[in-house]
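Before any comments, here is the structure.
The values are calculated or read from the model by the stated rules, or taken from the named source; none is laboratory data. Only a predicted model underlies this, so the values are computations on that prediction, with no experimental measurement involved. Every residue, glycine among them, receives a Cβ derived from its backbone with ideal geometry; neighbour counts consider all protein chains shown.
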Amino acid sequence: MTIFSDIGRYLLMIKGMFSKPENGRMYWKEFIHQCTEIGVGSLGIVAIISVFIGAVSTIQTAYQLVTPLIPRSTIAQIVRDTVILEFAPTLVCIVLAGVAGSRIASELGNMRVSEQIDALEIMGINTKTYLILPKIIAALLMIPLLVVIAMVLGILGGRIAGVSAGIISGNIYDKGLLEYFVPYNVFFALVKAYVFAFIISSVAAFYGYYVKGGALEIGRASTKAVVVSCIVILFADYILSALLLKQ
Amino acid sequence: MIEVKNIKKTFGDKTVIEDVSAVMKAGQCNLIIGASGSGKTVLMKCMVGLFEPDGGHVLYSGQDFTAMSNEEKTEIRKEIGMLFQGSALFDSLTVEQNIMFPLSMFTTWSHKKKLDRVNEVLARVNLVDTNKKYPAELSGGMKKRVGIARAIVLNPKYLFCDEPNSGLDPQTSLVIDRLIKEITLEYNITTVVNTHDMNSVMEIGNYILYMYKGNKEWEGNKKEIIFSKNQRLNDFIFASEFLQDAKDMRMLEEAGKISDDRNMDEMLDKDAPSLVPPDEE
């Protein structure tokens with residue numbers, strides 16, 4: 001029963017977000033602040049993960065391609081498609097569920113527990129609109145951007161690892177990147193990024209906004225937000241792949 | 001004026017407020033007192049709309065707040081200021097930004113005009129040179145005063161204070177109590193204070209509503225509280241022996257058995273051992 005009641009409250013929260021802002025300028029300031037927190041705040045970890053994922057992909061692909069009949073440029077193709085289709089959108093978003101999601105949940109949870117949300121309500125501010133909507137819109141803008149950066153850095157990391165380990169030359173890697181390139185894959189990755197961005201921000205906001213209790217519950221809500229976001233992301237990944245990658 | 005009519009509130013199968021009615025008068029400090037769990041905080045949250053009552057009405061200057069749409073409630077809320085138990089200051093904002101927040105949200109004033117208003121209310125709560133400090137850098141009493149400043153910055157008609165003295169030493173509590181009283185009179189605000197601090201009751205209680213297990217047990221003013229025969233109220237207010245003695249003395253004084261310029265020796269037990277060392281006698 002709890003799961004249905006949670007889904008109902010989640011949907012009501014989403015519905016409650018859409019109301020006329022009391023002051024457009026204040027909402028814009030909050031949106032920009034959230035863009036900085038979610039985008040710039042997560043850029044470092046996204047860059048590190050992307051480079052290493054690309055590097056590991058190159059080395060592992062080369063390790064598995066034992067036959068000389070397959071050209072070395074295939075390594076670049078496999079790394080490119082793996083990074084674009086799965087690693088950049090899914091893995092980066094799972095990391096972002098931990099980084100940005102837990103931050104959103106704990107920020108809102110702390111505001112709830114310390115009565116800051118009540119204080120905003122008393123002032124006559126729609127707290128769902130003021131606190132949650134800018135976070136979701138900022139996530140919808142910044143997370144796809146981070147995914148695009150992750151794609152570029154992942155492919156670049158693969159090149160660096162391939163060249164430095166002597167697996168593949170830079171020219172062949174670059175040639176391989178251009179072979180059999182399907183632009184639709186980038187579109188698919190961006191669709192996933194938008195869906196995951198909504199899941200990360202809204203699920204985290206839900207657990208943070210409705211937290212009850214004290215510091216311990218904020219921690220629990222934050223952990224639960226990350227766990228639920230990851231599960232929903234993986235489930236959505238499967239659904240989107242089944243729907244959008246039909247042959 | 002705020003009227004509370006037959007308010008009821010339950011959480012699950014637990015009834016927290018059974019049927020409470022009261023009138024909170026303008027320009028006065030109206031106190032809701034009661035033991036922990038008596039329902040005073042829930043009553044206050046029903047009054048400001050943080051909780052939806054299961055029955056009854058809350059009227060602000062005759063307008064039924066409980067029957068209003070969200071948009072209409074928002075308009076009333078702009079006339080409400082509230083001081084929270086933990087002050088509820090925004091951690092990431094400075095004192096100045098905290099107080100300026102309602103002004104930025106609801107006015108189109110220039111930055112200079114807003115800053116002037118912030119400095120004016122900060123001076124009113126006796127806090128100067130704290131503009132750039134963050135809440136974490138303030139003491140408990142200072143946080144409460146910033147909370148009051150933020151609550152009054154939009155010149156509200158109604159001020160709610162939830163346990164304004166919790167966690168404060170008696171002297172600071174007195175400062176906060178007096179500040180609330182002065183502001184109430186100065187701006188002719190309808191102030192509702194939720195407390196279980198007896199000093200507050202005696203200091204600022206123009207109207208006192210005593211809650212017991214979700215019901216209105218007693219109402220009156222601070223003078224009437226001394227002479228009340230309500231046993232539950234007396235057990236709550238004059239819980240300590242010291243306060244019981246103070247009450248007895250005040251009753252004797254009112255009955256004319258002790259003169260105002262009383263001789264302290266007469267009141268002290270003459271058989272009691274002297275506290276002055278023998279060599280100093």
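Listed by position, the strands (runs of 3 or more DSSP E) inside segment B:175-232 whose residues that are among the polar types (S, T, N, Q) number at least 3 are B:190-195. Among the residues of segment A:12-26, those that are surrounded by 15 or more Cβ atoms within 10 Å (Cβ to Cβ) and either without any contact (Cβ under 8 Å) to a residue 60 or more places away in the chain or more than 10 Å from chain B (Cβ to nearest Cβ) (or both) comprise A:Met13, A:Ile14, A:Met17, A:Asn23.
The set of residues in segment B:119-171 being within 14 Å of the chain's Cα centre (by Cα) and assigned to a helix (DSSP H, G or I) consists of B:Lys144, B:Arg145, B:Gly147, B:Ile148, B:Ala151.
Among the residues of segment A:196-213, are any surrounded by fewer than 24 Cβ atoms within 10 Å (Cβ to Cβ), among the β-branched types (Val, Ile, Thr) and within 14 Å of A:Ala97 (Cβ to Cβ)? Yes, some residue in segment A:196-213 is surrounded by fewer than 24 Cβ atoms within 10 Å (Cβ to Cβ), among the β-branched types (Val, Ile, Thr) and within 14 Å of A:Ala97 (Cβ to Cβ). Which condition does B:Thr10 not pass, out of (1) assigned to a strand (DSSP E or B); (2) crowded, with 21+ Cβ neighbours inside 10 Å, if it passes all the others? Status for B:Thr10: all satisfied but (2).
Matching residues to (1) within 14 Å of another protein chain (Cβ to nearest Cβ); (2) over 18 Å from B:Tyr207 (Cβ atoms); (3) surrounded by 16 or more Cβ atoms within 10 Å (Cβ to Cβ):
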| position | (1), (2), (3) |
| --- | --- |
| B:Ile33 | no, no, yes |
| B:Ser36 | no, yes, no |
| B:Val42 | yes, yes, yes |
| B:Gly49 | yes, yes, yes |
| B:Glu52 | yes, yes, no |
| B:His57 | no, yes, no |
| B:Ser61 | no, no, no |
| B:Phe65 | yes, yes, yes |
| B:Glu72 | yes, yes, no |
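For B:Thr108, the conditions (1) surrounded by 13 or more Cβ atoms within 10 Å (Cβ to Cβ); (2) within 11 Å of another protein chain (Cβ to nearest Cβ); (3) over 21 Å from the mean Cα position of the chain (by Cα); (4) not aromatic (Phe, Trp, Tyr) all hold with the exception of (1).
Scanning segment B:119-134 turns up one or more residues that are more than 12 Å from chain A (Cβ to nearest Cβ) and either under 23 Å from A:Leu131 (Cβ atoms) or in contact with a Cys (Cβ under 6 Å, 6 or more places away or on another chain) (or both). Return yes when B:Gly81 is outside any helix (DSSP H, G or I) and either surrounded by 18 or more Cβ atoms within 10 Å (Cβ to Cβ) or among the hydrophobic types (A, V, I, L, M, F, W, C) (or both) and no when it is not. Yes, satisfied. Do we have any residue at all in segment B:193-204 that's assigned by TED's automatic domain parsing to the domain that holds B:Ile7, modelled with pLDDT of 90 or more and of a type in the set (S, T, N, Q)? Yes, the conditions are met somewhere in segment B:193-204.
When the residues of segment A:34-74 are filtered to those that are in contact (Cβ under 8 Å) with a residue 24 or more places away in the chain and within 14 Å of another protein chain (Cβ to nearest Cβ), the one that is nearest to A:Lys135 (Cα to Cα) is A:Gln34. Each residue in segment A:60-80 was checked for being surrounded by fewer than 16 Cβ atoms within 10 Å (Cβ to Cβ) and either in a helix (DSSP H, G or I) or modelled with pLDDT of 95 or more (or both), and 3 pass. Candidates are the residues of segment B:74-86 that are within 7 Å of chain A (Cβ to nearest Cβ) and hydrophobic (A, V, I, L, M, F, W, C); the one that is farthest from B:Pro164 (Cα to Cα) is B:Ile80.
Cβ-Cβ distances below 7 Å connect the following pairs, each with a first residue in segment B:87-102 that is facing chain A (nearest Cβ under 8 Å), a second residue that is acidic (Asp, Glu) and assigned to a loop (DSSP other than H, G, I, E, B), and a separation of six or more residues or different chains: B:Ala88/A:Glu115. Applying the criterion of at least 2 residues that are without any contact (Cβ under 8 Å) to a residue 24 or more places away in the chain and more than 14 Å from every other protein chain (Cβ to nearest Cβ) to the helices (runs of 4 or more DSSP H) found wholly in segment A:98-176 leaves A:133-164.
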